[in-house]
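Please read the structure below before turning to the comments.
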Amino acid sequence: MSVPEEIKKRVQKLREVIRYHEYLYYVKNSPEITDEEFDALFDELVSLENQYPELITPDSPTQRVGGAPLEEFPPYRHTLPMLSLSKCNTVQEFLDFDSRVRRELGVDTVDYMCEAKLDGVAMELVYRDGHLVVGATRGDGVVGEDVTPNVKTIRSIPLVLLLDSPPPVVEVRGEVIMPISEFNRWNKEQEEKGEQTLANPRNAAAGSLRQLDPSITASRPLDAMFYALGIVEGMEFSTHREELEFIESCGLKVVPWRKYCKNEQEVIEFFHEVESLRDKIDVGLDGVVIKLNRLDYQRRLGELSRSPRWAIAWKFAPAEVTTQLLEIVNQVGRTGQITPVAILSPVSVAGVIVRRASLHNEFEIIERDIRIGDTVVVRRAGDVIPEVVRAVKELRTGNEKPYVKPETCPVCKSPLVREEGGRVVRCPNISCPAQVTESIIHFASKAGMDIEGLGDKLIAKLIEEKLIRDPADIYYLKLEQLLPLERMGEKLASNIISAIERSKKTSLPKLLYALGIRNVGEHIAELLSNHFGTIDNIKDATVEELTSIPEIGPTIAESVYNFFHNEKNLRLLHKLFAAGVEYEPVTREEKPQPLAGKTFVFTGALSSLTRSEAEAMVKRLGGKATSSVSKKTDFVVVGENPGSKYKKAITLGVKTITEKEFLQMIEKTPPRQNAK
């Protein structure tokens, strides 16, 4: 049966009106009609689409929620890399950046576009002929995950751009965020249900965006704001300010806390203005992003391998508040390390309710004289991890109690071992239930085997029910074993079994990290994988072979060697591979080594990268970075305010070069790319 023409026109009109009012409500925060009036329009559209299903299109407002759960997220390669930003923390560091920019451009003054730095999850939208076709995470900056079905559930993201004649392709970059008030409400609900809470709004946004079932993402209060363009076919811009105006004209929400600054002094004023807002608005902010406004200047300065030279993120100092320390509990980690944790009277820190905070180790508690019952200063280190800074001793009443060092493990009661002068305390029992639990949680984590749905509480329950005793047991779980567990429906159990099955195919770095080898994080796992290529090669490596790899010292080498010479660990590996876990061996590519045989020393402050980044760059390109100047040194790289190394280089006749000359040695300027 053909659809009457008047019905087609009515459906089209309803979609246009609904999109307009969604834009006013979710983007501009200035609705023109009541919720009841909007619902009536939406219900009419749903009714007509149900009556005439052939009229349903992917970009209809009714299609934001729905679709079958995904098996996994496909990879998405960004047309232009999404770069990260160099950082500064003080007025002087920003002025050094400004000075370097003006010096290299050969101008007396530059103008900037500044915007509040959102504490969210970076993402890219791709519109073709005005229609949203891709929503992808940043990933490693080159390849992200295609999470389009989930992105479409975020109401502030238009499915169709509000342009009469949209360009053929528009790529927009921004952040997915969860408002602080919604995050606190969600955490409170999780607590009441006895479920795990999240540390901060950014984690909540990231977790929501990566749900395999779009309807779960749709139930989460996500928002999105945008600040950059990728490719825009058929259009050219002269300034970043023009780019932001274009993004806003598309119907997308641009970061509202932004300002055009004519010079460095106006940037400093804007930074302090935004800093004063951080506790008054409902969005997590962690600094101000400062970008050169003129795009021709951006192109002239170019980029380093990871970050643009024309932008910088000026980070806020951590916010500090006071509250009462109610109790100190000792927590057992996966390596047996005992960490004292402060139980606090709940307090809001940078908009997030904090109830627990790290005390690092018993040595620091005693050294700083922190007592149970004290009023303490709390902050979120890096605006993420809560920590106790100090006790406010002037407010003591005399009822405070000193911390008593534990002598036995709080879980298995084994006598504790103190290392490194008492700063590290461990439970030596590798069968300690707490260590087993934490090691399995680490194994299943996103950075490890990435087993979706296998969270902390479920792992603890599986151990309690004696269904798993080590990480490999996960791969022997059956659907019928999960179904009797509390709050476990057939659909959830099936999804978990599917996620376990998917995780069997992994990469060597992820497997190495998942194994929980002491001192081996994601970066070291990458280094080992790239150097040795297979588990067997790593297992056969000597300590000397391990320490020959740049960035791997004796401590890490001993940890790796000891892990692969422990019978229990070898049995675990055999059990994993027998269950079907497999990885792709890493083929070692022969990369250009332009600095092979050259020795570098760095002195003075570098403006575009840190000392450790520069030294790592030298090592990656085949050179050697040392801390002292000798006749064997090939180059001394001289930054601002160089020290005695510079004088020694002059005395010995060693060649000195500027930071700019060093950068010219190692890479050519790539085409302009966008940064977070």
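The values are calculated or read from the model by the stated rules, or taken from the named source; none is laboratory data. All values reported here derive from a predicted model rather than from experimental measurement. With ideal geometry, Cβ positions are generated from the backbone for all residues, glycine too; neighbour counts draw on all protein chains shown.
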Seminar exercise, completed: By residue number, the members of the range 354-392 that are surrounded by fewer than 20 Cβ atoms within 10 Å (Cβ to Cβ), within 15 Å of P318 (Cα to Cα) and hydrophobic (A, V, I, L, M, F, W, C) are V377, A381, V384, I385, V389
For this session: Search the range 87-105 for residues that are basic (K, R) and pair each with any residue that is surrounded by 15 or more Cβ atoms within 10 Å (Cβ to Cβ) when their beta-carbon atoms are under 8 Å apart and the residues are at least 6 apart or on different chains.
Result: K87/G287; K87/I312; K87/A313; K87/W314; K87/K315; R100/S607; R100/S608; R102/V110
Exercise. Got at least one residue in the range 410-423 being touching a residue at least 60 places away in the same chain (Cβ under 8 Å), outside the structural domain of I370 (by TED's automatic domain parsing), within 18 Å of V332 (Cβ to Cβ) and not in a loop (DSSP other than H, G, I, E, B)?
Worked result: no
For this session: Output the residues belonging to the range 458-501 that are surrounded by 15 or more Cβ atoms within 10 Å (Cβ to Cβ) and charged (D, E, K, R).
Result: K461, D470, D473
Exercise. Tally time: how many residues in the range 242-294 are among the hydroxyl-bearing types (S, T, Y) and over 29 Å from Y127 (Cα atoms)?
Worked result: 1
Exercise. Which residue pairs have Cβ atoms under 9 Å apart, sit 6 or more places apart or on different chains, and have a first residue in the range 322-340 that is at positive phi and a second that is loosely packed, with under 15 Cβ neighbours inside 10 Å?
Worked result: G336/V417; G336/P428; G336/I430
Problem set entry | Some residue of the range 350-359 being modelled with pLDDT under 95, out of contact with any strand residue (DSSP E or B) (no Cβ under 7 Å at 6 or more places or on another chain) and part of a loop (DSSP other than H, G, I, E, B) | yes
Seminar exercise, completed: Okay, helices (runs of 4 or more DSSP H) sitting entirely in the range 454-530 with 2 or more residues that are over 19 Å from K575 (Cβ atoms), I get 456-464, 479-482, 490-503
Exercise. So which residues in the range 116-136 are in a strand (DSSP E or B) and buried (at least 23 other Cβ atoms within 10 Å of the Cβ)?
Worked result: A116, K117, L118, V121, M123, E124, L125, Y127, G135, A136
Exercise. Limited to the range 424-451, what total is found for residues that are over 25 Å from I524 (Cβ atoms) and in a loop (DSSP other than H, G, I, E, B)?
Worked result: 2
Exercise. Exactly one of (1) part of a loop (DSSP other than H, G, I, E, B); (2) modelled with pLDDT of 90 or more; (3) closer than 28 Å to K648 by Cα is unmet by S630. Its number?
Worked result: (2)
Problem set entry | Criterion: surrounded by 15 or more Cβ atoms within 10 Å (Cβ to Cβ) and under 19 Å from L515 (Cβ atoms) - qualifying residue of S414, S439, S431 | S439
Exercise. Could we say that A122 is at pLDDT 90 or above, within 30 Å of K262 (Cβ to Cβ) and among the small types (G, A, S) here?
Worked result: yes
For this session: Please name all residue pairs, on different chains or six or more residues apart, with Cβ atoms under 8 Å, provided the first residue is in the range 256-268 and is touching a residue at least 24 places away in the same chain (Cβ under 8 Å) and the second residue is surrounded by 15 or more Cβ atoms within 10 Å (Cβ to Cβ) and polar (S, T, N, Q).
Result: Y260/N293
